[in-house]
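Presented below is the structure to which this report refers.
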Amino acid sequence: MTRAMQYRADIDGLRSLAIVPIVLFHAGFSLFSGGFVGVDIFFVISGYLITSIIAKEIGGGQFDLWRFYERRIRRIFPALIVMLLVCSVAGWVLLFPLDLQAFGESLVASTGFVANISFWLKSGYFDTSSDLKPLLHTWSLAVEEQFYLFFPLVLMLANRKNRDPRLIVWIILLLSFALSLFGVSRNPDATFYLIPTRAWELLIGSVLALNAVPAIKNHTVREMLAALGLGLILVPVLVYNSQTPFPGLSALWPCLGTALIIWTGGTQLSPTRVARLLMLRPVVLIGLMSYSLYLWHWPIMVFSHHWMLDKPDLAGKLLLVLASVLVAYASFELVEKPARRHALGLSRIKIFGLAGGAALLCIGIGGLFWHNGFVSRYPAALQSLLRIHEQQTKGFIGLQATVGGQKREGLPDGGFVVGAAGQQPQIAVWGDSHVGAILNGVVGAAQPDKVPAISVFALGGCRPVADVYLAYEASTACHDHNQAVLAYLLKGPERKVVLVSRWPIALFGDVRATGKGDGLGSLALRPATSLDEAQAIGAFSLHLGRTIDALTQAGKEVVVVETIIDLPQDVPHLVFKTLLHDPATAQISKDISAYRERFLGVEQVFDRMQARHRFERIRLRDGLCEQWQCLLYRRETGQKTGQVLYTDNNHLSTSGSALLAPLFRGVLP
């Protein structure tokens, strides 16, 4: 059923082809924008190697499930536990309470190999940004270990029933791949994180290990296929980016590339040019230490982000990569190799006992962090501010509950009404998550009996522009939501429609320390397709203009709320770090002139649109910025506790949005 399992240096070299793009991608090298596919390469390799071992032992009547799990513990646990414990110390020192609580939750999940489920459940617009989660990378370890909980049982059952496992594996593979194709547009977060939509990647390796595809003897054909495999890996590494719908079909190519390289290699065959390249000693060494490098590189980069706040320049990126390699090498030599060597002399009971004890220690630490956050680590004045920030941040998760909204008949899904009970709404607020960041404070700053009925329509990440899609997902949910809201508003009682959004991200992408952005705008004319800047501006102007025209022709007054200033750094972290060093600081502001063209670019688009369409504008930067110096924190004279004006790098807190109330007089209460 399988070939005899012999050491293949080219597969260790293939591991280096997986880990190097991952590290360079995470370090921020834009050339490797698709480096995340390295995880998929690891999945195929793992499926091949582990299936080879299991099938060989089952075929020889020697397979022991508990011995298999014992080997997995010896391979995975020592370096993982050391990394988790070191990260716990770093988290205690560097993480503020909300981050420490989130870290504690992920520590428990990572130890229990359910991190993928935890991060899936936590994924969402208001969740902590990914570059602030030290254990985010453990999701892939969870996928692998979940796979190895059930897959040996499948092979054992096939053997017991005297069935050929290859057909069963092919069926599961195709079902998982079909589910991945379906899910990437319906529920991309679940599809990315969960085992049913990822199992096919490991099973690609399994079908090779089970000889479910015939071996190739012709050397020329093997050379061509190996070269094709290398190309199928390198092109996605260099071409894919954060807007690429993933996994689904996009994950197929690097997985096939990996399979081709494994398939065309082998110890019984003359090596291909690709195999010889992968068998070079430095390449093999990186592959041998790839597990430790995967474990350590991400926490090093995340904790450096927490410490520095600013994203690193080129020298900083290179330093992070070097630090990751050095720590990984130390982990490989001082933890991985000795643990495997010494574990050979331990009984199975001792190995399981040590692993269980280490896991309980990590779970205990994680539980304490998760429950507490330990705000008591900080000075009294900062403790109060941290508690207020926590309340405001958690409040934004449920906008409808926060502003006292009520569902009414006839509103599109997700819509609700806030304000005077029993009245017909005269105002509609339509937009993305910034609706919450604005409305929460503006309504809260008004007198309760002065708040008219307001219809609210908000969908995170979805700009209020009809007939467009999102570039970073295949789902049509944003488009469908906007169509439903517009159809309602054209006939609804509301006389004024307020459009609120983080507009720059639609045109220029996420914020950078200089310039307009990262160039990956979210606007698309078809799901999961990208537009360059000129195309995005044209499409934005056309379709927002049509949206405004449709509303005004229906007798509505339209007000466009220009974007709040978004920053490259997480504002609360910046504020808290400043106050730690100087608690007496009464005001913290940020000079954003280095990337003012981001906001001027949007304002210029609105200038041109206003010459052709009828709408009012509210410029939010007038409320928080003087020239290009923007307020982030303030403490009034005589106050012990100040106010952080943001909940992250782009959403205003209740305190921040309350400062904008004067700008909304005549529009909102």
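Derivation of every value follows stated rules applied to the coordinates shown; laboratory data play no part. On a predicted model such as this, the values are computed, not experimentally measured, just so you know. Please note: Cβ atoms are built from the backbone with ideal geometry, for glycine as well, and neighbour counts cover all protein chains shown.
A few comments on the model shown:
- Summary of the geometry: the range 139-176 and the range 538-614, compared by the centres of their Cα atoms, lie 51 Å apart.
- Restricting the trypsin sites (Lys or Arg not before Pro) of the range 70-178 to loop positions (DSSP other than H, G, I, E, B) with no more than 15 neighbouring Cβ atoms within 10 Å leaves LYS161, ARG163.
- Taking Cβ separations below 4.7 Å as the criterion for a possible disulfide partner, the isolated cysteines in the chain are CYS87, CYS255, CYS362.
- Value of relative contact order over the range 9-377, rounded to a whole percent, pairs C-alpha under 8 Å and six or more apart: 34 percent
- Helix 38-59 axis, angle to the chain major axis (alpha carbon atoms, nearest 10°): 30 degrees
- Label-reachable residues, the range 263-286, where backbone N falls under 15 Å from a point 7 Å from ALA227's Cα toward its Cβ: 272-277
- Efficiency of FRET from Cβ geometry, GLN426 and THR578, R₀ 56 Å, rounded to 0.05: 0.85
- In the chain, helices alone account for a calculated mean residue ellipticity at 222 nm of -18500 deg cm²/dmol, with every DSSP H run of four or more residues adding -39,500 (n - 2.57).
- Prolate/oblate/rounded label for the range 110-169 (Cα gyration tensor, a/c 1.5): prolate
- By the count of other C-beta atoms within 10 Å, a proxy for reagent exposure, SER250, SER376 are ordered fewest to most as SER376, SER250.
- Unit charges at the beta carbon, dipole of the chain: most positive-side option, LEU136, MET609, TYR646: LEU136
- Rounded to 10°, Cα long-axis angle of helix 533-553 versus longest principal axis of the chain: 40 degrees
- Contact order normalised by residue count of the range 156-274, Cα under 8 Å, 6+ apart, percent: 29 percent
- Cβ-derived FRET efficiency at R0 22 Å, ALA330 paired with ALA513, nearest 0.05: 0.10
- A simple count of charges around LEU269, restricted to other residues whose Cβ falls under 9 Å of its Cβ and scoring Lys, Arg +1 and Asp, Glu -1, yields +2.
- Take the Cα of THR552, go 7 Å toward its beta carbon, and the backbone nitrogen atoms of the range 482-519 under 15 Å from that spot belong to 496-499.
- Helix 97-111 and the longest principal axis of the Cα set of the chain meet at an angle near 30°.
- Relative contact order (%) - criterion: Cα under 8 Å, at least six apart; region: the chain: 15 percent
- Taking the Kirkwood radius as Rh and the Cα radius of gyration as Rg, the range 537-669 has a ratio of Rg/Rh equal to 1.05.
- Charged neighbours of ILE171, selected by a Cβ distance under 14 Å, balance to +1 (K, R count +1; D, E count -1).
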